[in-house]
Amino acid sequence: MSLAPAQLSSSSLVYRKLQINHNRNQQQDHTALMDETVGKFRYEDCRDEYWNPEEFSLLYGTPLWEQASPQQRVILNQLYWVAYYSQIVSAEIATIFFNQTSATGLYAQEDFRLICDTLDLESSQERAHINAFRTISKQVEQALFGELIFTYPMRGPFTETMVFADTNALKAWWKKIQLQYFGLISANNTFLACQYFTVRGVRTLNGKLVQHKLSNYYQKHPHQEQAPIPAQISYYHFLDESFHFNSSTIVSQDVITCLAPPTAFESLVANLGLLGCQRDHFHFSAAINGIFWYDPALYGKIYRVLRSPIFEMSDRDAKAMMRRCFLEESEGLHRSFLTHQEAMASYKVYIEKLDYLWKRNREMSLMAGNSIPRYLATQQSAFERFERENFCHV
């Protein structure tokens, strides 16, 4: 594919944006500080305090939250951190791989070293993030449950990115094939290499909506030197991801103007990628505000939490509580739906200047098809099946 102009540096404004973002990310890189901080983590040092703003707690605003004791609420707050960053780990594993395939798609172009250097730095930061999240989460869950619940073994980049998705073996296989194919063709196509950052930008934008609030807990802590280490990690992560979001925006919306217009095939692949993002973000969760998980896939995990020594519920009581939390309207459900709507509105603004997108992507019409009545109907049928199969009966 030819470039117009021939070199990226010929577009001085775009090149300058990339330089500023890369230089600032280098100067403010939190990798060493994150590694040092997580090395000091001991769960017993902060097990009795909140790590996030109160509303960012597992099952916040549901009947479980309303009847929970103060200590149980602290644990639900900490479990939100563990569950939330388990999703971020999955996303960042995929990001590391696609950063490299996208950089490969730029190798044949003149003067694109700056973007490739930026992606190398970001991938290094992602590895530090993954290590921090997993180190803390595994220690917490072993201490609370004696087993891992939301934390999972390391996975490859072709696994379903959404940890708790509406999927099955066939869907997972097809998703794996699609991701592998996109990695292959984007490594040899400059437009698709750049367009990947449209999807990355949308996914990061969703994260920014929540992570800004999580980072504020540390920023506004009255005694930052005594703030819990997971809150510090949330803050460092948010700062790094702010630069990553800037990179996505510059590449997908500015650098792409230095390329020839997309072919019909390139437009097709780009639109299918964004449509896949809409599918991934179709659901919203009563259990965890800000992650678009499919709650029926989460039933088994929540059941194990309720049966654990933390809540000590019987099989019957745990299922009754789950029925109230997932099958009835609650403040928590409405908060999650509001986050879903805010994310969708922000996506529309983010992509509005990209003229190669289909109308259904520009309007986010697939994602807009979900609603609270649809959510409740889905839970009703899924939970009846869950109870029939007695999946978690012990």
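Residue by residue, here is whether (1) over 30 Å from Asp254 (Cα atoms); (2) assigned to a helix (DSSP H, G or I) holds:
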residue: Met313; (1), (2): yes, no
residue: His334; (1), (2): yes, yes
residue: Phe337; (1), (2): yes, yes
residue: Val349; (1), (2): no, yes
Residue check: is Glu384 in a helix (DSSP H, G or I), exposed (fewer than 15 other Cβ atoms within 10 Å of the Cβ) and either in contact (Cβ under 8 Å) with a residue 24 or more places away in the chain or in contact with a Cys (Cβ under 8 Å, 6 or more places away or on another chain) (or both)?
-> no
Only one residue in Ile185, Ile229 is surrounded by 19 or more Cβ atoms within 10 Å (Cβ to Cβ) and of a type in the set (A, V, I, L, M), so which one is that?
-> Ile229
Could you check how many residues of the stretch 158-186 are out of contact with any Asp or Glu (no Cβ under 6 Å at 6 or more places or on another chain), farther than 21 Å from Thr198 by Cβ and in a helix (DSSP H, G or I)?
-> 7
On the given criteria, is Ser12 touching a residue at least 40 places away in the same chain (Cβ under 8 Å) and small (Gly, Ala, Ser)?
-> no
Please determine, by comparing only the residues of the stretch 274-306 that are of a type in the set (S, T, N, Q) and crowded, with 22+ Cβ neighbours inside 10 Å, which one is nearest to Ile372 (Cα to Cα).
-> Ser285
Do the conditions hold for Tyr85, that is, is it touching a helix residue (DSSP H, G or I) at 6+ places or on another chain (Cβ under 6 Å), surrounded by 21 or more Cβ atoms within 10 Å (Cβ to Cβ) and either assigned to a helix (DSSP H, G or I) or at pLDDT 95 or above (or both)?
-> yes
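So which of Ser57, Ser69 ends up being more than 30 Å from Leu192 (Cβ to Cβ), of a type in the set (Ser, Thr, Tyr), surrounded by fewer than 16 Cβ atoms within 10 Å (Cβ to Cβ) and without any contact (Cβ under 8 Å) to a residue 24 or more places away in the chain?
It is Ser69.
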Does any residue in the stretch 338-361 that is under 17 Å from Arg203 (Cα atoms) come within less than 9 Å, Cβ to Cβ, of a residue that is of a type in the set (Asp, Glu) and assigned to a loop (DSSP other than H, G, I, E, B) six or more places away or on a different chain, and which pairs are these?
-> Lys348/Glu363
Do we have any residue at all in the stretch 368-376 that's closer than 25 Å to Ile149 by Cα, modelled with pLDDT of 95 or more and buried (at least 17 other Cβ atoms within 10 Å of the Cβ)?
-> yes
Of the residues Ala193, Ala270, Ala165, which is under 17 Å from Tyr84 (Cβ atoms), out of contact with any Lys or Arg (no Cβ under 7 Å at 6 or more places or on another chain), in contact (Cβ under 8 Å) with a residue 24 or more places away in the chain and small (Gly, Ala, Ser)?
-> Ala165
Report, by residue number, each residue of the stretch 139-157 that is loosely packed, with under 14 Cβ neighbours inside 10 Å, part of a helix (DSSP H, G or I) and not hydrophobic (A, V, I, L, M, F, W, C).
-> Gln142
In this structure, does Lys208 turn out to be touching an Asp or Glu at 6+ places or on another chain (Cβ under 6 Å), surrounded by fewer than 22 Cβ atoms within 10 Å (Cβ to Cβ), part of a helix (DSSP H, G or I) and not small (Gly, Ala, Ser)?
-> no
Restricting the stretch 232-255 to residues that are surrounded by fewer than 21 Cβ atoms within 10 Å (Cβ to Cβ) and more than 20 Å from the chain's Cα centre (by Cα), which is farthest from Leu209 (Cα to Cα)?
-> Asp254
Whichever residue in the stretch 158-182 is within 17 Å of Phe98 (Cα to Cα) and hydrophobic (A, V, I, L, M, F, W, C) and, among such residues, is surrounded by the most Cβ atoms within 10 Å (Cβ to Cβ) = Met162
Which numbered condition trips up Gln67, out of (1) modelled with pLDDT of 95 or more; (2) touching a helix residue (DSSP H, G or I) at 6+ places or on another chain (Cβ under 7 Å); (3) of a type outside the set (Lys, Arg)?
-> (2)
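The values are calculated or read from the model by the stated rules, or taken from the named source; none is laboratory data. Just so it is clear, the structure is predicted and the values come from calculations on it, not from any experiment. Every residue, glycine as well, gets a Cβ built from its backbone with ideal geometry; the counts of neighbours run over all protein chains shown.
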